[in-house]
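Worksheet: the structure to be examined is printed underneath.
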Amino acid sequence: MIDWILAPLQYGFMLRGLAAAVLVGVVCATLGTYVVLRGMAFFGDALAHSILPGVAIGYLVGGGARGTVFWWALLTAIISALGIGAISRSTKIKEDTAIGIVFAGTFALGVALISTVGSYTADLTHFLFGDVLGVRTSDLWLIIIFGGLIILAILAFYKEFLVVSFDPILATTLRLPTRLLDFLLLILIAVAIVVSLQTVGLALMVAMLVTPAATAYLVTRRLPVMMALAATVAAVSGVIGLYLSFYLGIASGAAIVLTCTALFALTWFVQSIRRRFILRNQTARLRSD
Amino acid sequence: MALLDEFRKTDHLIRHHHPHEQGAPILGVTDLWVRYESGAALEDISFELEPGVRLAVVGPNGAGKSTLFKVIAGVMAPTEGKVHVYGHEPGGHICIAYVPQRSQVDWNFPVNVADVVMMGRIGKLRLFRHPRARDWEIVEHALEVVGMGHLSKRQIGELSGGQQQRMFIARALAQEAELILMDEPLTGLDINSQEGIFRILDDLNERGVTMLVAMHDLQMAAERFDRVLLLNNRIVAIGLPPDVLSSQNLMDAYGGHLSLVQTDDGVLALEDGCCGEGEESP
């Protein structure tokens with residue numbers, strides 16, 4: 001058993017992959033609590049897909065250099081986040097329709113750009129589904145710096161984000177800069193997407209934002225606990241997923257996401273059994289109130 | 001206003017963006033219009049309120065009650081006209097509290113009662129500051145005022161309707177609000193819970209808090225409020241309850257959708273299809 005756990009750790013790529021998976025998991029899951037509570041899952045998915053043209057340009061310009069791809073992706077993600085935010089505010093088109101238009105359009109542009117390169121299919125797969133075992137030390141540093149910035153922002157604006165998410169009207173009457181806070185949240189999501197580009201890829205990104213947070217949402221009643229639990233679920237999924245990937249030869253991003261999904265399903269199953277008993281007690285208490 | 005005075009004496013962090021103008025009414029609404037694409041929600045609304053008044057805002061569904069509250073709270077900009085709080089535009093004041101309709105709140109949000117009441121303090125906390133022991137004391141105190149001191153750690157989804165409403169009133173207290181806007185706080189509550197809310201409103205009146213309460217029950221408006229505003233996109237009437245709730249005015253506001261019943265106490269109006277959860281949507 002010990003050997004089974006230790007054997008993969010002798011490989012440098014596995015250690016770096018584990019570090020990346022855990023870090024990205026913690027950052028995305030913590031931020032993901034707001035994505036879940038504010039019903040922004042579709043937005044997150046769309047935003048992840050819409051940075052493909054930036055990734056493609058970075059890839060073409062830099063001749064495949066990771067750093068160039070990262071910065072181009074970051075730039076596109078922020079522009080897309082602000083763009084989607086602006087469109088959905090200022091036209092009579094409903095938000096999800098606006099997101100759909102921007103999302104599909106930019107994604108198609110990205111595919112078109114990448115298809116001009118010879119090794120098109122392999123590279124596209126890479127961006128769409130990630131390659132956590134190919135993470136280099138320089139990639140890890142970018143994950144640590146930008147992931148750290150996201151966590152710092154969540155902690156620094158904790159009470160402001162809480163009020164804006166729970167009761168936007170209160171936030172307005174308290175004179176909080178609600179628009180600025182909403183945009184900041186969009187930008188944080190954009191940065192999180194770029195940070196996890198290498199781990200799970202654009203197509204599966206939304207699972208990192210939503211699934212661990214939703215799992216925690218099932219069992220907690222307070223936001224800080226939900227954040228901590230979501231981060232734990234994501235970190236554990238990252239580790240289990242990579243081991244599954246190592247031993248079963250499954251694609252790493254898919255293995256991580258499938259582990260998250262399995263943990264969610266398990267929690268949901270246990271909760272729905274527990275709820276039957278709790279519900280009975282609750283009705284009794286409300287009646288006596 | 002013992003509670004508020006107590007807050008002020010010790011609180012050096014209160015941010016008064018504008019000083020209160022002496023002698024100005026707490027609320028002044030002048031020539032207010034709100035137009036949507038589908039038509040006007042509010043037409044030429046003008047009225048003033050003295051501090052400490054308890055005003056019932058009544059009118060049929062879609063009369064613009066929620067819209068009026070949102071404009072006064074500064075959440076929605078009017079198409080035309082002005083709202084003044086103590087002589088200033090509402091932007092500078094954080095002394096207005098808006099108590100939302102219960103149906104508009106996400107009761108599964110992972111917060112407990114004390115967390116929600118603490119949100120009222122956040123306007124007084126600077127950036128990067130966490131609530132201090134004194135803020136938690138104020139929260140506890142506000143919860144005791146509404147009789148919910150023992151429920152501070154309860155998850156909000158587990159509260160009864162009356163408790164949910166009282167929690168938001170506690171939040172308005174923690175916010176040190178001087179003008180509280182309540183959007184249908186009595187809807188869906190049983191008689192006992194409604195009485196509980198009225199006891200708290202009486203208490204707030206003694207503390208000098210001004211209240212606007214949107215509601216459907218005309219008899220309750222007549223019996224329990226100082227002033228009544230009868231709204232149907234425009235002001236049909238405003239003033240003392242018996243003057244406002246005349247059968248002529250009620251026919252004016254509700255048209256055929258109202259049955260008037262003569263009782264010993266006067267005219268009792270029953271609104272058809274009353275007390276729906278939702279209000280007009282913008």
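The values are calculated or read from the model by the stated rules, or taken from the named source; none is laboratory data. Everything numeric in this text was worked out from a predicted model, so none of it was measured. Positions of Cβ are backbone-derived with ideal geometry, glycine not excepted, and every protein chain shown enters the neighbour counts.
Things to note:
- Hits in the stretch B:26-50 (condition: surrounded by fewer than 22 Cβ atoms within 10 Å (Cβ to Cβ), more than 18 Å from residue B:85 (Cα to Cα) and touching a Pro at 6+ places or on another chain (Cβ under 6 Å)): none
- Candidate set from the stretch B:145-162 (those that are within 14 Å of another protein chain (Cβ to nearest Cβ) and assigned to a helix (DSSP H, G or I)); member that is surrounded by the fewest Cβ atoms within 10 Å (Cβ to Cβ): B:150
- Unique match (being over 20 Å from residue B:56 (Cβ atoms), surrounded by 23 or more Cβ atoms within 10 Å (Cβ to Cβ) and within 13 Å of chain A (Cβ to nearest Cβ)) among B:174, B:142: B:174
- Across the stretch A:265-289, the qualifying residues are those that are under 15 Å from residue B:159 (Cα atoms) and either at pLDDT 85 or above or outside any helix (DSSP H, G or I) (or both), and the one among them that is nearest to the other protein chains (Cβ to nearest Cβ) is A:289.
- Sub-6 Å Cβ pairs linking a first residue in the stretch B:65-89 that is free of Cβ contacts under 8 Å to residues at least 60 places away in the same chain and away from chain A (no Cβ under 14 Å) to a second residue that is buried (at least 21 other Cβ atoms within 10 Å of the Cβ) and in a strand (DSSP E or B), at least 6 apart or interchain, are B:78/B:32; B:78/B:34; B:79/B:34; B:81/B:32, ordered by first then second residue.
- Those helices (runs of 4 or more DSSP H) of the stretch B:184-282 in which 1 or more residues are among the polar types (S, T, N, Q) and at pLDDT below 90 occupy B:191-206, B:218-224, B:247-254.
- Any hit, the stretch B:55-69, residues being basic (Lys, Arg) and modelled with pLDDT of 85 or more: yes
- Qualifying residues in the stretch B:177-205 (those that are among the small types (Gly, Ala, Ser) and surrounded by fewer than 24 Cβ atoms within 10 Å (Cβ to Cβ)) - the one nearest to the other protein chains (Cβ to nearest Cβ): B:193
- All positions within the stretch A:54-80 that are over 22 Å from residue A:207 (Cβ atoms), in contact with a Phe, Trp or Tyr (Cβ under 9 Å, 6 or more places away or on another chain) and part of a helix (DSSP H, G or I): A:56, A:57, A:58, A:59, A:61, A:62, A:68, A:72
- If you go through the stretch B:34-54 and pick out every residue that is at pLDDT below 90 and either more than 23 Å from residue B:239 (Cα to Cα) or not in a strand (DSSP E or B) (or both), you end up with 9.
- Flag if residue B:166 is basic (Lys, Arg), closer than 15 Å to residue B:97 by Cβ and either away from chain A (no Cβ under 13 Å) or in a helix (DSSP H, G or I) (or both): yes
- Meets criteria (touching a Phe, Trp or Tyr at 6+ places or on another chain (Cβ under 9 Å) and surrounded by fewer than 24 Cβ atoms within 10 Å (Cβ to Cβ)) for residue A:228: no
- Condition check for residue B:113: β-branched (Val, Ile, Thr), farther than 24 Å from residue B:52 by Cα, more than 9 Å from chain A (Cβ to nearest Cβ) and crowded, with 17+ Cβ neighbours inside 10 Å: yes
- Looking across the stretch A:92-113, the residues that are modelled with pLDDT under 85, more than 17 Å from residue A:81 (Cβ to Cβ) and either among the β-branched types (Val, Ile, Thr) or under 25 Å from the mean Cα position of the chain (by Cα) (or both) come down to A:93, A:94, A:97.
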